[in-house]
Each structure stands twice: as structure tokens, then as C-alpha cells.
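Peer 1: Have a look at this one before I ask anything.
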Amino acid sequence: MTNNSLRTLFVTALTTCSMAAMAQFAQAPLPYAFDALEPHIDKMTMEIHYGRHHKAYITNLNTAVASKPEEKMTPEALMKTITKETAPAVRNNGGGHWNHTFFWSIMAPGKGGMPTGDLAAAITRDFGSFDELKNKFKTAGTGRFGSGWAWLIVKDKKLVISSTPNQDNPLMPVADVQGAPILGVDVWEHAYYLKYQNKRPDYLDAFWNVVNWDKVAELYAAAMK
Ligand code: MN3
């Protein structure tokens, strides 16, 4: 090996180490192609939403927590520390990172349909019917003025629908209603404007076609343990 190639190797190793130390929070690959949720959620929206919005939350979060204890936390542990006193950059970008990672995971191509098993039984028990859950979830999403999220959560072993402003979520002690999220939808305009413009209700109707009920059922089971 020449001196030059040794030197290149050494510099590469150093750069890799310092990058890893800086970038505590990282973006997992999208679990499907950008166009996989078409026609319900369009390719360009997914490219911009995942590639720019979500990515920017992570970049800004890493800057906000650099050399702070929060840097070592898991995203979920970080959410559980968010109070009114938390720096807005940590609350907003931390929430942005957790929320979007969650959102990508509860959608998938070729999904939709009806929940099954224990989850379906719990929906009937707590809402009367799946249609009633959908009505209440849509009301939470359309009723959130400005930007935010609608959620289906497990709270005290029951299913509850709630919504949060901005990038808050039900894991945060600052949320009005706290619980374990098992389903959520982004109602920021960046999530739907290219395809649906101002028609947020149409986007919320289309969302059901891409819900990954297998994943939601898994989250439900974990939350009930
Ligand atoms: Mn978003």
C-alpha cells in the first residue's frame, strides 16, 4: 500500500467517525418506493416530504442537541422529555423526526381494507364500529386548525382519537391527551397540497387506502402489554 492510499484510508476513517458522532439521529430508508402509495399519495409529495421535510427535521434536530444529553437518547425517549420548558428547536424537530418515521411505518402499498382480530374487536368496543372510528378520526384531522396531526392512541387500555398541533405527538408530556400512538396522519399542507390542494377531507378519505393494518395491530398489541 502506498503512503498516499494509506493517508486516504486514514482521512476517510476519521471523517466517518466524526460524522457518526455528530449525526446522532438518522433517517431510515423509506420502506417502499416513492410512487408506491399512488394514486392516493403521489410520488412528488413523497419525494419532497421524505427527502426534504423529514430530512430537514433530522438535520435541525442534530444541530439542536449537539453535545447535549439528548443526543444519546432514542427518538421515543426524547419525546417523553418534551415539556413546555423544552427548547422549541428540540420539540419541533424532535417531534418532526419521530412523527414522520412513525407515519412512513403505518402506511404501505396494497394495504387499506379493514382492521382484523383484537384490534377490530377493540374498535367495535370503543367506537361502536370501524365507520365511526373513521368519522371521528376525520373530524380530528379536519378540525385541527393550521398544521398538525390526528392520532389513534391507546390510553389506559382504551382506544382514543386525538390531535396535536405542529409536530407535537401523544408521547409528549406537553400533549393535551397522552398515550401510545398506533395510527397517525400528517395534516400539514405539505402532506397533501400538490394532489389535493385545499381539500384536506379528500386526502383524509384517501389515507385509509394505504393504512398498514398489520403494523397498526402490532403497535396495538405492544401498547396493551
Ligand atoms: Mn410532514
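The values are calculated or read from the model by the stated rules, or taken from the named source; none is laboratory data. Everything quoted here is computed from the prediction, not taken from an experiment. We place every Cβ from the backbone using ideal geometry, glycine too, and count neighbours over all the protein chains shown. Accessible surface areas use protein heavy atoms only, side chains included; no ligands, DNA or RNA. Shrake-Rupley method; radii C 1.70, N 1.55, O 1.52, S 1.80 Å.
Peer 1: Under unit Cβ charges (Lys, Arg +1; Asp, Glu -1), what dipole magnitude, rounded to 20 debye, does the range 106-194 have relative to its Cα centre?
Peer 2: 160 debye
Peer 1: Calculate the FRET efficiency for Ala77 and Asn209 from the Cβ-Cβ distance with a Förster distance of 30 Å, rounded to the nearest 0.05.
Peer 2: 0.35
Peer 1: Something else: For the chain, what is the mean residue ellipticity at 222 nm derived from helices alone (per DSSP H run of n ≥ 4: -39500 (n - 2.57); sum divided by total residues; nearest 500 deg cm²/dmol)? Each step should come with its number before you reach the end.
Peer 2: Details: 10 runs with 109 residues, N = 225.
So the calculated ellipticity at 222 nm is -14500 deg cm²/dmol.
Peer 1: Further question: Taking R0 as 25 Å, what FRET efficiency do you get between Asp176 and Ala26 from their Cβ-Cβ distance, rounded to the nearest 0.05?
Peer 2: Efficiency computed from Cβ-Cβ geometry: 0.25.
Peer 1: Further, regarding this structure: Name the residues of the range 148-181 whose amide N is less than 12 Å from a point 7 angstrom out from the Cα of Asn135 along the C-beta direction?
Peer 2: Counting backbone N atoms under 12 Å from the label point, the list is empty.
Peer 1: Roughly how many Å² is the accessible area per residue of the chain, as a whole number, for a 1.4 Å probe?
Peer 2: Accessible area per residue: 51 Å².
Peer 1: If you don't mind, there's one more thing I want to ask. Looking at the calculated P(r) for the range 79-147, what percent of the C-alpha pair distances fall above 17 Å? Please list the in-between numbers first.
Peer 2: Details: 1522 of 2346 pairs.
Roughly 65 percent, rounded to a whole number.
Peer 1: Still on this structure, I have one more. Output the pairs from Lys43/Lys72; Lys157/Lys195; Lys80/Lys136; Lys55/Lys215; Lys43/Lys138; Lys80/Lys134 with a Cα-Cα distance over 30 Å in this structure; if there are none, say none. The partial results should precede the final answer.
Peer 2: On the way: Lys43/Lys72 34 Å; Lys157/Lys195 37 Å; Lys80/Lys136 26 Å; Lys55/Lys215 23 Å; Lys43/Lys138 23 Å; Lys80/Lys134 28 Å.
Violating the 30 Å Cα-Cα cut-off are Lys43/Lys72; Lys157/Lys195.
Peer 1: Three principal axis extents, largest first, for the C-alpha atoms of the range 158-225, in Å?
Peer 2: Principal extents (largest minus smallest coordinate, Cα): 40, 29, 15 Å.
Peer 1: Pick out, from Ala121, Ala222, Ser162, the residue whose Cα sits farthest towards the positive end of the charge dipole of the range 117-224, with +1 on the Cβ of Lys and Arg and -1 on the Cβ of Asp and Glu.
Peer 2: Ser162
Peer 1: If you don't mind, another one. Normalised by the residues of the range 117-224, what does the relative contact order come to in percent, with Cα pairs under 8 Å and at least six apart?
Peer 2: Computed over the range 117-224, the figure is 24 percent.
Peer 1: Expressed as a rounded percentage, what relative contact order does the range 72-156 have, with Cα pairs under 8 Å and six or more residues apart?
Peer 2: Answer for the range 72-156 is 15 percent.
Peer 1: Could you give me the percent of Cα pairs per 5 Å distance bin for the range 103-225, shortest bin first, beginning at zero and ending with the bin that holds the maximum distance?
Peer 2: 2, 12, 22, 26, 22, 12, 4, 1, 0
Peer 1: Treating only the Cβ atoms of Lys and Arg (+1) and Asp and Glu (-1) as charged, compute the dipole magnitude of the chain about its Cα centre; round to the nearest 20 debye.
Peer 2: Charge dipole, the chain, about its Cα centre: 320 debye, nearest 20.
Peer 1: Run through the range 135-178 and list the chymotrypsin sites (Phe, Trp or Tyr not before Pro) located in a DSSP loop whose Cβ has at most 13 other Cβ atoms within 10 Å.
Peer 2: Phe145
Peer 1: For Ala89 and Glu218 in one chain, what is 0.36 nm times their gap in residues minus the Cα-Cα distance, to one decimal in nm? Could the numbers behind the result be given before it?
Peer 2: On the way: separation 129, 0.36 × 129 = 46.44 nm, distance 3.12 nm.
Once the chain is fully extended between Ala89 and Glu218, it gains 43.3 nm.
Peer 1: What is the spin-label model distance, in nm, from Arg52 to Asp202 if the labels are put 7 Å beyond Cα along the C-beta direction?
Peer 2: Modelled inter-label distance: 2.2 nm.
Peer 1: Can you find, among Tyr203, Ala28, Pro39, the residue sitting farthest towards the positive end of the charge dipole of the chain, where Lys and Arg contribute +1 and Asp and Glu -1 at Cβ?
Peer 2: Ala28
Peer 1: At a threshold of 8 angstrom on Cα-Cα distance, excluding pairs fewer than six apart, so keeping six or more, what relative contact order does the chain reach in percent? Don't jump to the answer; show the numbers that get you there.
Peer 2: Details: 317 pairs, mean separation 50.0, N = 225.
So the answer I get is 22 percent.
Peer 1: Assuming 0.692 mPa s and 37 °C, estimate D for the chain with Stokes-Einstein, Rh taken as the Kirkwood radius over Cα pairs, in µm²/s.
Peer 2: Estimated diffusion coefficient is 175 µm²/s.
Peer 1: In the range 117-224, carbon and sulfur make up what percent of the accessible area (probe 1.4 Å)?
Peer 2: 49 percent
Peer 1: Read phi for every residue in the range 128-141 and hand back ³J(HN,Hα) as whole Hz from Karplus 6.51 cos²θ - 1.76 cosθ + 1.60, θ = phi - 60°, with x for Gly and Pro.
Peer 2: x, 6, 5, 4, 5, 4, 4, 4, 5, 5, 5, 4, 5, x
Peer 1: Once phi is turned into ³J(HN,Hα) by the Karplus curve 6.51 cos²θ - 1.76 cosθ + 1.60 with θ = phi - 60°, what whole-Hz value does each residue of the range 100-107 show in order, with x for glycine and proline?
Peer 2: Residue by residue, the range 100-107 yields 6, 4, 5, 4, 4, 6, 9, 10 Hz.
Peer 1: Regarding the range 18-94, what are the three Cα extents along the principal axes, ordered largest first, in Å?
Peer 2: Principal-axis extents of the range 18-94 (Cα, largest first): 42, 32, 17 Å.
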